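Below is one structure, written out as C-alpha cells; the observations come after it.
The values are calculated or read from the model by the stated rules, or taken from the named source; none is laboratory data. Since the model is a prediction, treat every value here as computed from it, not as a measurement. Neighbour counts are summed over all protein chains in view; Cβ atoms, including those assigned to glycine, are modelled from backbone coordinates with ideal geometry.
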Amino acid sequence: MNDYKFSELEIGLKESFSKEITSEMMDMFYKITGDCNPLHCNEDFSIEKGFRGRVVYGMLTSSLISTLGGVYLPGKNCLIQGVETKYSRPVYIGDVLNVMGEVVEKHDSVKQATIKVIIRNQDNKVVCKGKLRVGVLDEG
C-alpha cells in the first residue's frame, strides 16, 4: 500500500495495477447488490443479445477506481470525494484489467487532487475512463 502525502503528489505522477475479473467476483457483486439483470447473470441471454458472454457489472469495473485511490494513488491517506466514469466497451469474465491513474490537478487550499483514470483490458482497449477526486489526509 502506498503512503503518498499531499506534498508528495505532483502533476503527472502515475500509478497502476492489474486485476483479473473472475466469476466469483461477479457472484459476490450480485450477492452484495442484488442486481439480477440477465446481461450479468445469464450467459445464454447475453449471447442472444450479441455479447460474447456474461457482461461484467459496470460498477464492478468502477470499483477498481476505489482500489486505485485507496491503495495506490495516494494510498492510505486517501479520502474519495467524487468519481466520474464513462464506459467504452464491455468487460467479460476472464478479462485482465489494467487500472492507471495520473494526477492532473492539485488544490492546495483543500488538500484535494484530481486523478485521471484509464482502465484497459488485456488487448490494451479502453473499457472505462474517469476522474477520481480525492482528499489527502493531513500529514503527521
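Among (1) part of a helix (DSSP H, G or I); (2) under 14 Å from residue 92 (Cα atoms); (3) of a type in the set (Gly, Ala, Ser), which single condition is residue 53 missing?
With respect to (1) part of a helix (DSSP H, G or I); (2) under 14 Å from residue 92 (Cα atoms); (3) of a type in the set (Gly, Ala, Ser), residue 53 is out only on (1).
Name the residues in the stretch 4-35 that are exposed (fewer than 13 other Cβ atoms within 10 Å of the Cβ), in contact (Cβ under 8 Å) with a residue 24 or more places away in the chain and over 19 Å from the mean Cα position of the chain (by Cα), would you?
7, 10, 11
Of these, 62, 46, which one is out of contact with any Cys (no Cβ under 9 Å at 6 or more places or on another chain), of a type in the set (Gly, Ala, Ser) and either surrounded by fewer than 16 Cβ atoms within 10 Å (Cβ to Cβ) or assigned to a helix (DSSP H, G or I) (or both)?
Sole residue among the options that is out of contact with any Cys (no Cβ under 9 Å at 6 or more places or on another chain), of a type in the set (Gly, Ala, Ser) and either surrounded by fewer than 16 Cβ atoms within 10 Å (Cβ to Cβ) or assigned to a helix (DSSP H, G or I) (or both): 46.
Considering only the stretch 86-103, how many residues are within 17 Å of residue 130 (Cβ to Cβ) and β-branched (Val, Ile, Thr)?
Matching residues across the stretch 86-103 total 3.
In this structure, is residue 87 among the aromatic types (Phe, Trp, Tyr) and within 21 Å of residue 138 (Cα to Cα)?
no
Does residue 85 satisfy the criteria of being over 30 Å from residue 5 (Cβ atoms) and not aliphatic (A, V, I, L, M)?
In short, no.
Determine whether the stretch 109-121 contains at least one residue that is at pLDDT 95 or above and exposed (fewer than 15 other Cβ atoms within 10 Å of the Cβ).
Taking every residue of the stretch 109-121 in turn, none turns out to be at pLDDT 95 or above and exposed (fewer than 15 other Cβ atoms within 10 Å of the Cβ).
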